[in-house]
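Below: one structure, written as structure tokens.
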Amino acid sequence: MIEVLEEYGREDLAKVYVASIRNNKEQLVEFVESVQPPIPRDKKWVLIVSTLFGCPVDCKMCDAGGDYKGKLTADEILAEIDFLVRKRFPDGKIPIPKFKIQFARMGDPALNQDVLTVLEKLPIIYDAPGLLPSISTIAPKNSEEFFEKLLDIKNRFYKNGKFQLQFSMHTTDEKKRDELIPVSKMSFQEIADFGERFVFDGDQKVTLNFAMSKGYPVDVNIVRKYFDPSIFIIKLTPINPTEQAMCNELISEIDAYNPISADKIVKDFKDQGYEVILSIGQVEENKIGSNCGQYVSRIKKSRLLNQ
């Protein structure tokens, strides 16, 4: 069902796989397995899978947009996961305390209802006490049905901190946010209202992710106006060096080589009562491509150049 065409990276850090699922070399997906040094794989293992063939959103910093070919089925998403799992755990027993599956490689998961089917099946398919699914989304408008079902699934299968939900914010200027993410989205108030319904005792806080770039302001007071620090946690990241980010001349406010560049914004958020995650991955991952731009786009461009 799945044919891996290319793989890149390092076993001790991250590997990216490009695969054909439908025997169609134009409909390609990517998925990733990674570790987080110095934490060993037997303590934490992260899989990052695609939910769409490309993405219709076309965010300014993401290489997955602009070549949308449709949605993966639940079985196809599970095939990505199963390929990685069976390589290391053929019996489907995964004795890792933190086994994280991020639906965040290509495509916004809230645009594919089959992601919900996958979330229901995962605890049945695998013996994985440390299973921790993670949904990262821009909160597309008219995705209310997806989020209502997600809330129900979280309450049935993933209580007590076994689920992560992240909203991609990037700026507190809603007009500027529309420039970065050029589709209709839930408002800050709608995201805040849903987050307050999503988090119960023992659940993880909902993450607000700001990949900060110059010219796209992050006003801590605006965040505090909408988002309760007892419900929401702040994640700050650099802009990764994707082709789209470079083409759109996005310059990161946070220097991946100099973490103290984030000291002021971290302090400002903490002063407002927020927990803050400063997420700066291994710089080597930028070279591998595991935390930024898509290899699918590179492969397709290479084919065009070689025709």
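Read-outs throughout are calculated quantities, based only on the coordinates presented, and are distinct from any laboratory measurement. Values in this document were obtained by computation on a predicted structure and should not be read as measured data. Here Cβ is always computed from backbone atoms with ideal geometry, including for glycine, and neighbour counts include all displayed protein chains.
Here are a few things to note about the model shown:
- Matching label, Rg and Dmax of the Cα atoms in Å computed from the structure shown, candidates (1) 18.5, 57; (2) 30.7, 103; (3) 18.0, 54: (1)
- DSSP-defined antiparallel bridges as percent of all bridges, region 43-151, nearest 5: 15
- Dipole orientation for the chain: of the candidates 77, 272, 59, 77 has the Cα lying most toward the positive pole (charges on Cβ; Lys, Arg +1; Asp, Glu -1).
- Förster radius 25 Å - calculated FRET efficiency between residue 91 and residue 156 (Cβ-Cβ, nearest 0.05): 0.45
- Too-long pairs where the Cα-Cα distance tops 19 Å, listed order kept, from 176/270; 44/149; 69/175; 44/162; 149/235: 176/270; 44/149; 69/175; 149/235
- Its DSSP H runs of at least 4 residues, each contributing -39,500 (n - 2.57), put the calculated 222 nm mean residue ellipticity of the chain at -9000 deg cm²/dmol, to the nearest 500.
- Straightening the chain between residue 230 and residue 2 buys 77.8 nm, computed as 0.36 nm per residue apart minus the Cα-Cα spacing.
- Percent RCO, i.e. relative contact order, over region 196-235, from Cα pairs under 8 Å lying at least 6 residues apart: 59
- Computed over region 183-258, relative contact order equals 34 percent, with contacts defined as Cα pairs under 8 Å that lie 6+ residues apart.
- DSSP bridge orientation in region 3-306 - percent antiparallel, rounded to nearest 5: 45
- Residues in region 238-243 carry Karplus couplings, in order, of x, 6, 6, x, 6, 4 Hz; the curve used is 6.51 cos²θ - 1.76 cosθ + 1.60 with θ = phi - 60°, and Gly or Pro positions show x.
- FRET efficiency, residue 75 to residue 247 (Cβ-Cβ, R0 35 Å, nearest 0.05): 0.50
- Mean separation of Cα contacts under 8 Å, 6 or more apart, over the residue count of region 3-306: relative contact order %: 17
- For region 264-279, the Karplus equation 6.51 cos²θ - 1.76 cosθ + 1.60, evaluated at θ = phi - 60°, returns couplings of 5, 5, 4, 4, 4, 5, 5, 5, 8, x, 8, 6, 10, 10, 8, 9 Hz by residue, with Gly and Pro reported as x.
- Gained length - residue 222 relative to residue 12, 0.36 nm times residue gap less alpha-carbon distance: 71.6 nm
- Loop-located trypsin sites (Lys or Arg not before Pro) in region 132-188 (DSSP state other than H, G, I, E, B) with a sparse environment of at most 13 neighbouring Cβ atoms within 10 Å: 141, 159.
- FRET efficiency for residue 279 and residue 214, using Cβ-Cβ distance with R0 set to 22 Å, rounded to 0.05: 0.75
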